[in-house]
Amino acid sequence: MSIFNGASAPCPVCDTVKTLDVVASVNADRRPDLRDEILAGTFQGVACDACGAAFKFPPQMTYIDVGRGQWIMALPPSRLTAWPEAEAAARAVFATSFGDAAPKIARSIGAKLAARIAFGWPALQEKLRCRDAGLDDVTLELVKTAILANVDGSPLADDLELRLLAVEDDTLVFAWLSMTTEAAVNSLRVPRAVYDEIAAAPGDWAEIRGQLDGHAFVDIARFLVPPAPAEDAA
């Protein structure tokens, strides 16, 4: 089932507090409409009662889609600098729910799931788009690594992230997004052939792939975002 809890957040414009039933767990097999809302960018979107400004409550939830083989812990982007601790927590939750510590029937389901962690709605959306397009998310992160290394003028800032926005025919559409507003700063179209070439040459990417394979946090932020001390990242 999908589970909702009450939560409050201040409007980013006028600080008026808004209360909403936010999601704690989404089961996309039973609620495909929620998956559609996540992909559309409308999920947990609200308007401030005082000034009318539109904003979204950040994710703090688990997402499961057995049919597509996905289990994802989605957290606010503000938690990104605590990714090592968050990744360990995600692994522990998955182990209890579907892994070694789970009942046998749950373990049989867990064997079909890839456990991931994502920080912010765009990161979660990317995981869903990746699966819809039949892309391996590890290979996609290698494509991003190639973009950073070879594309001149790639904007680099602590508040920007490179995300897959769409797959159009033989083209992967990426954009640099603000982690605060989710607004696109710059976009980039990459031939699908680049992904295919990287996927076909695992040996050329073995070192970087080895740092992503088998982990829940499959994201180039793993290499770009230095973890904060535990007491600062909490």
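The values are calculated or read from the model by the stated rules, or taken from the named source; none is laboratory data. Values in this document were obtained by computation on a predicted structure and should not be read as measured data. Neighbour counts are summed over all protein chains in view; Cβ atoms, including those assigned to glycine, are modelled from backbone coordinates with ideal geometry.
Which of the residues that make up the range 175-206 are surrounded by 15 or more Cβ atoms within 10 Å (Cβ to Cβ) and not small (Gly, Ala, Ser)?
The answer is Trp176, Leu177, Met179, Glu182, Leu188, Val190, Arg192, Val194, Tyr195, Ile198, Trp205.
Hey, any hits in the range 50-59 for a residue that's within 14 Å of the chain's Cα centre (by Cα) and farther than 21 Å from Pro12 by Cα?
no
Looking only at the range 88-142, which residues are polar (S, T, N, Q) and touching a residue at least 40 places away in the same chain (Cβ under 8 Å)?
Answer for the range 88-142, where residues must be polar (S, T, N, Q) and touching a residue at least 40 places away in the same chain (Cβ under 8 Å): Gln125, Thr139.
Condition first: more than 19 Å from the chain's Cα centre (by Cα), among the β-branched types (Val, Ile, Thr) and part of a loop (DSSP other than H, G, I, E, B). Now tell me which residues in the range 145-184 satisfy that.
Val151
Quickly run through the range 124-166 and pick out the residues that are in contact with a Pro (Cβ under 8 Å, 6 or more places away or on another chain) and either closer than 18 Å to Ser187 by Cβ or of a type outside the set (A, V, I, L, M, F, W, C) (or both).
Once the filter is applied, which keeps residues that are in contact with a Pro (Cβ under 8 Å, 6 or more places away or on another chain) and either closer than 18 Å to Ser187 by Cβ or of a type outside the set (A, V, I, L, M, F, W, C) (or both), the range 124-166 yields Glu161, Arg163.
Being hydrophobic (A, V, I, L, M, F, W, C), touching a strand residue (DSSP E or B) at 6+ places or on another chain (Cβ under 9 Å) and farther than 23 Å from Phe94 by Cβ is the filter here, so list the residues in the range 8-49 that pass it.
Those that are hydrophobic (A, V, I, L, M, F, W, C), touching a strand residue (DSSP E or B) at 6+ places or on another chain (Cβ under 9 Å) and farther than 23 Å from Phe94 by Cβ: Ala9, Cys11, Val13, Val17, Leu20, Val46, Ala47, Cys48.
Please work out which residue is surrounded by the most Cβ atoms within 10 Å (Cβ to Cβ), limiting yourself to the range 20-37 and to residues that are in a strand (DSSP E or B) and modelled with pLDDT of 90 or more.
Across the range 20-37, the extreme among qualifying residues is Val26.
Looking only at the range 185-212, which residues are out of contact with any helix residue (DSSP H, G or I) (no Cβ under 6 Å at 6 or more places or on another chain) and outside any helix (DSSP H, G or I)?
Hits for the range 185-212 are Val185, Asn186, Ser187, Leu188, Arg189, Val190, Pro191, Ala200, Ala201, Gln211.
What are the pairs with Cβ atoms under 8 angstrom where one residue, in the range 30-51, is on the phi > 0 side of the Ramachandran plot and the other, located anywhere, is in a helix (DSSP H, G or I)? Sequence gap at least six, or different chains.
Gly41/Trp121; Gly41/Gln125
Starting from the range 1-26, keep only residues that are of a type in the set (Ser, Thr, Tyr), then list their pairs with residues that are modelled with pLDDT under 80 and not in a strand (DSSP E or B) whose Cβ atoms are within a distance under 8 Å, requiring at least 6 positions of separation or different chains.
Ser25/Met1; Ser25/Ser2
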